[in-house]
Amino acid sequence: MTFKEEMKARSEAISRDITAYLPKEEGFQKTIFEACNYSVINGGKRLRPMMMQAVYELCRGGAGSFGEEDHKILMPFMAAMEMIHSSSLVHDDLPCMDNDVLRRGVPSTWAKYGEDMGTLAGDGLMIYAFETASASTAPAEAKAEAIAILARKTGIYGMIGGQTVDVQLTGKQPDAKQLEFIYKLKTGALIEGSFMIGAVLAGADAETVARLEEAAGCIGMAFQIQDDILDVTASESELGKPIGSDAANGKVTWLTHYGMERSVRDVRSFTDRALEIIRGIGDHPFLEELLVYLIDRKS
């Protein structure tokens with residue numbers, strides 16, 4: 001199986017499994033269930049849960065070491081991470097944030113269901129993610145640590161903290177330190193959480209978890225800088241959302257701060273460091289190819 005075939009198979013399997021955790025669209029609050037499910041089901045490559053699974057396999061001895069018991073341990077957290085990621089996109093698209101009416105080539109959640117339901121759907125998904133993660137059959141201590149990581153990387157010390165600084169500095173001129181802070185938290189935190197949770201639930205020691213957190217932080221930086229590049233080089237059909245939205249919203253990005261040549265070089269440098277760390281832990285060809293794919297992607 002080629003890398004692209006394996007990625008497609010993993011993505012489809014994750015999507016099917018995530019669907020099983022979504023709420024039934026019934027009852028008086030049916031609309032919020034529909035809006036939540038719409039934002040999760042509507043495409044996406046499932047990169048964060050895919051990374052979580054690959055890191056779990058890495059720490060358990062390599063690719064392919066994922067059976068039924070592993071599924072019961074990890075899948076609730078994989079679904080939870082995708083729900084949180086989806087919630088962040090729902091909120092990012094709101095009129096008070098980026099005001100985007102397209103997401104993955106279709107109307108964004110607020111554009112389809114209204115700003116009020118878009119706000120509530122983002123809130124609802126973020127809370128429901130923790131209810132979903134609690135269904136994991138992992139040993140109590142490991143599950144508690146994984147939930148703590150999920151909360152920290154989502155909240156005010158993680159993704160939401162990064163979004164806060166990003167919003168406050170929109171239309172202003174953030175310096176290099178502020179820009180890196182935004183990227184490390186807004187984008188990197190959920191990737192770090194995915195790597196760390198996969199490692200913790202696989203029984204990795206604290207040193208390995210810390211090394212994987214560093215690797216994931218590098219991937220988060222590379223991923224966001226590549227997003228900046230795509231925002232000005234990709235077409236709307238490739239990206240699945242409006243292009244040039246950063247400039248339209250008055251945002252300074254890595255690309256506008258450092259230029260194209262430095263940005264391309266930094267994407268490669270951050271990725272190389274992540275690969276170096278992962279190879280020092282174990283052998284997982286799919287995970288390595290996935291990280292390279294992230295910097296070569298066109299959408």
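Only the coordinates and a few stated rules stand behind these numbers; no lab work does. Everything quoted here is computed from the prediction, not taken from an experiment. Heads up, the Cβs are rebuilt from the backbone with ideal geometry, glycines too, and the neighbour counts pull from every protein chain shown.
Couple of notes before you dig in:
- For region 118-177, the convex hull spanned by the alpha carbon atoms encloses 90 Å³ per residue.
- At q = 0.13 Å⁻¹, base-10 log of I(q)/I(0) for region 3-296 (Debye sum, equal scatterers on each alpha carbon): -0.89
- Per-residue Cβ neighbour counts within 10 Å put CYS36, CYS59 in the sequence CYS59, CYS36, beginning with the fewest.
- Order of THR132, THR233 under a 10 Å beta carbon neighbour criterion, fewest first: THR233, THR132
- Mean Cβ count within 10 Å, highest first, over the residues of peptides 19-30, 218-229, 268-279: 218-229, 268-279, 19-30
- If only the Cβ of Lys and Arg carry +1 and only the Cβ of Asp and Glu carry -1, the dipole of region 18-120 around its Cα centre is close to 240 debye.
- Residue order, fewest to most beta carbons within 10 Å, for SER263, SER108: SER263, SER108
- Mean Cα-pair separation over length for region 174-219, i.e. relative contact order, pairs under 8 Å, 6 or more apart, %: 45
- Amide proton proximity set for ARG103, modelled H, under 5 Å, gap of 5+: SER108
- Dividing the helix sum by the residues of the chain, where each DSSP H run of 4 or more adds -39500 (n - 2.57), gives a mean residue ellipticity at 222 nm of -22500 deg cm²/dmol.
- Computed over the chain: relative contact order in percent, which uses C-alpha pairs under 8 Å that are six or more apart: 21
- Working note: Karplus 6.51/-1.76/1.60 with θ = phi - 60° gives region 176-192 the couplings 4, 5, 5, 5, 5, 4, 4, 5, 4, 8, 4, 9, x, 4, 6, 5, 4 Hz, where Gly and Pro are set to x.
- Summing Cβ point charges (Lys, Arg +1; Asp, Glu -1) relative to the Cα centre of the chain gives a dipole of roughly 200 debye.
- Cβ-based charge dipole, region 18-110, positive-most Cα from PRO107, GLY27, GLN53: GLN53
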